[in-house]
Amino acid sequence: MVIDSRASECVPPAATTRLAPTIRNGRPVLIVAGCLVLLQLTVRWWVADSGYFYWDDLILVGRAAEYGLWSVDLLLYDHDGHFMPLAFVTAWAVTEAAPLAWAGPMVVLLALQLGAAVAVLRLLVVVVGARWALVYPLAFYLFCPLTIPAFAWWSAALNALPLQFALAWVATDAVLLVRTGRRRYALSGIAVFVVALLFFEKSVVVPFVAFMVAALARYVDEHTQPIRVVARRGVALWAGSAIVLVCWSVVYLTVVGGPVPASELGEPHSVVARAASSGIVPALFGGPWVWERWLPSAPWADPPGWAVACAWLALAAMVVVSVRARVRVGSLWLAATLYLLITQVVVALVRAGPNTATELMQSLRYVADLTVVLAALGALAARARPRLHMADEHHGRAGARMAVAALVLLLVCSLWSTYSFVRAWQVGPTRAYLTNVQSALQNSDGAPLLDQEVPWNVLNPLAHPQNLTSRILAPVAAPGAFAATTPHLRMITNSGEIVDAAVWWNRAIVPGPEPDCGYRVGGSASVTLALDGPMIEREWTAQLNYVANRDGGIFLGLEYGPAVAVPVRSGMHTVFVRLVGSGTALRISAHTPGLELCIGVGPVGVASYDN
């Protein structure tokens, strides 16, 4: 049974009761839809299982281990321009339950993906009814490669999947609110909108997309004044969303700040054009089929030139055929184009710059939400009235055969593109590095490690200080595993092993004035340890060779830089101290009464291990 489009637009609440018999009679369709959802979850499980923590994921888990759940530093952190407190809450919960175990993010990925898929299915059933016409837009959403990059990367998925859920759910609530007038749909839509905003700032588009879908639903049904009617009947949802948006904007601008100054922007038009031609258009037909990757970047779409040309031709043919086949479909294509242009130009303005590669947008993780919009517009196209010359039985059967063939081709191409993405995505050093270093920490001799940066292909130095081992390994490191001083200098190698290290003689502490002592330190006076040359501002390691008359503590720092508290032991020993600063000397003083030390010659420089 098919829902009559115009009859379903009645305002009385009783109109929604017609959906129940429609769903009962459409059970074969819903069974097929459910099987497609399960198939997608199976494919996505394989995608997630083939991946691992990547880049920003390590920042999320590091901050989750460093701060408490209700810490302002966790919830209101400006993460590269993103305001996403609920993403940090999720990362905190996963880290608490399973520190640096990939099984935790996998569960989150699959749960969020299932929620988004169910929300899209709900939208399609409400828009087009429980009939076979919903299978193609559903399959497009479930398997289109546009959603793969944002799913495979956990931190990106914590943004993208709640947005996809919210787009579908709130759009459905908007359609039902306009049909029935029931306020529960306004409350549900507002609540989901709030949650989505707290996962990802791009969720500001949700009420606008919901309005667009509700208005276009009336438009393709050939009702008059669709915009005015939708605005009036859905006023509770629109007013509530506006209030939420204003309140959220105040917090967002406080945490993140205003837009990027125009002087810092590059040329976004080239980025958008490249993304559309090499990424988005081929992906509409199951592309890009080929992914390129240069570690440590994420894979980006790199289809052959002939495939790009074929995709554009296929898109042009699809536009012409759909416009000729059904009334008022041209407005749907216009809506899709405007949504793509507006959202991509905004992303390009935020992300583009003089040093930004055009491949950034070809990674496709910024366009995953487009699949929800296109699925909704596809359902609206199926809802539109066929033109007279396409309404006969012959055209109907031919169209059905073409739709089945197109669906099979889409699935085959999409699965191949997913496979080729996974082959590129699973290559990386992070899994081996973290596995080895966790094992090494468990077998450590107990002496603390000085902080250091993780390998650049695990997390780039531009992320400093988030790329320090003490932060990334905080979820699994024992208390005191990292410190500013250590009696035994060791370092973590690029492969994750812990090995002995030494300090380069970039600079040296010159011999002190007292024979058989060097520099004598005692009492409350500060002593200057001269270096044999100046040191620039950065992190350095000082090797302090000393003799102490008792256990105690000292303060040590560069001439220009903060002092570090250093424990010392009675007798002749060596301690290694991580210092930040610059200058031509070290400053040292004792803070334990009765403590006296003699300081000898030693290096101050870069800590290193033999490769």
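Could you tell me which helices of the chain pass both thresholds, a Cα extent of 24 Å or more along their own axis and a mean Kyte-Doolittle hydropathy of at least 1.6, with helices taken as whole DSSP H runs?
On the way: long enough: 27-50 (34 Å, 1.22); 103-128 (37 Å, 2.33); 154-180 (38 Å, 1.12); 183-199 (25 Å, 1.65); 235-255 (30 Å, 2.06); 305-325 (30 Å, 1.81); 330-351 (31 Å, 1.67); 393-425 (47 Å, 0.71).
The answer, listed by residue number, is 103-128, 183-199, 235-255, 305-325, 330-351.
Just to confirm, what accessible area per residue do you get for the chain at 1.4 Å probe, in whole Å²?
Working: 26400 Å² over 611 residues.
Per-residue value: 43 Å².
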Open item on the list: Of ASN494, GLY605, PRO429, which is farthest towards the positive pole of the chain's charge dipole, taken about the Cα centre with +1 and -1 on the beta-carbons of Lys, Arg and Asp, Glu respectively?
Closed with: PRO429
- [ ] Determine the order of MET572, MET318, MET212 by accessible area, beginning with the largest, at a probe radius of 1.4 Å.
- [x] MET572, MET318, MET212
Open item on the list: Per residue, how big is the convex hull of region 133-236 when only Cα atoms are used? Give it in Å³.
Closed with: 101
- [ ] Treating the Cα atoms of region 486-611 as identical point scatterers in vacuum, please give the log10 of the normalised Debye intensity I(q)/I(0) at q = 0.10, 0.14, 0.17, 0.23 Å⁻¹, two decimals.
- [x] -0.30, -0.57, -0.84, -1.41
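With +1 on each Lys and Arg Cβ and -1 on each Asp and Glu Cβ, and nothing else charged, work out how big the dipole of region 473-575 is about its Cα centre, in Debye to the nearest 20.
Details: 6 positive and 9 negative charges, 38 e Å.
Dipole magnitude for region 473-575 comes out near 180 debye.
Provide the percentage of antiparallel DSSP beta bridges, counting only those with both residues in the chain; round to the nearest 5.
Numbers: 52 of 54 bridges.
Around 95 percent of the beta bridges assigned by DSSP in the chain are antiparallel ones.
So how do TYR519, TYR560 rank on accessible area, 1.4 Å probe, biggest first, that is with the largest at the start?
Values: TYR519 20, TYR560 140 Å².
Accessible-area ranking of TYR519, TYR560, largest first: TYR560, TYR519.
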TODO: Place a +1 charge on the Cβ of each Lys and Arg in region 120-267 and a -1 charge on the Cβ of each Asp and Glu, then give the dipole magnitude about the Cα centre in debye, rounded to the nearest 20.
DONE: 780
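Ordering VAL175, VAL412, VAL564 from largest to smallest accessible area (1.4 angstrom probe), what's the sequence?
Details: VAL175 5, VAL412 90, VAL564 25 Å².
Ranked list, largest accessible area first: VAL412, VAL564, VAL175.
So for the chain, averaging the separation of alpha carbon pairs under 8 Å that are six or more residues apart and normalising by length, what relative contact order in percent results?
Working: 1096 pairs, mean separation 83.9, N = 611.
Relative CO of the chain lands at 14 percent.
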Task: Ranked by how many other beta carbons lie within 10 Å on average, peptides 275-285, 466-476 from highest - done: 275-285, 466-476
- [ ] Can you tell me which of 148-154, 195-201, 340-346 comes out highest on packing, and rank the rest after it, using the mean Cβ neighbours within 10 Å?
- [x] 148-154, 195-201, 340-346
Task: Dipole magnitude (debye, nearest 20) for the chain, charges at Cβ of Lys, Arg, Asp, Glu - done: 3460
Task: Inverse of mean 1/r across different Cα pairs in region 511-567, Kirkwood, Å - done: 13.1
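For the chain, what is the calculated [θ] at 222 nm in deg cm²/dmol (nearest 500), taking -39500 (n - 2.57) for each run of four or more DSSP H residues and dividing by its residue count? It would help to have the intermediate numbers written out before the result.
Values: 21 runs with 306 residues, N = 611.
So the calculated ellipticity at 222 nm is -16500 deg cm²/dmol.
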Open item on the list: For a bin width of 10 Å, list the pair-distance distribution of the chain built from all Cα-Cα distances, rounded to whole %.
Closed with: 3, 14, 22, 21, 15, 10, 7, 5, 3, 1, 0
TODO: Would you be so kind as to identify which of PRO149, VAL170, ALA239 lies farthest towards the positive end of the dipole of region 142-242, taking Lys and Arg as +1 and Asp and Glu as -1 on Cβ and the Cα centre as origin?
DONE: ALA239
Open item on the list: Charges on Cβ only, +1 for Lys and Arg, -1 for Asp and Glu, centred on the Cα centroid of region 456-611; of ALA585, ILE472, VAL503, which one is farthest towards the dipole's positive end?
Closed with: ILE472
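The values are calculated or read from the model by the stated rules, or taken from the named source; none is laboratory data. Remember, predicted model here, so these are calculated numbers, not experimental data. Quick reminder, even Gly has a Cβ in these numbers, built from the backbone with ideal geometry, and neighbours come from all protein chains shown. The area values use the complete protein model at the heavy-atom level, side chains included, leaving out ligands, DNA and RNA. Shrake-Rupley method; radii C 1.70, N 1.55, O 1.52, S 1.80 Å.
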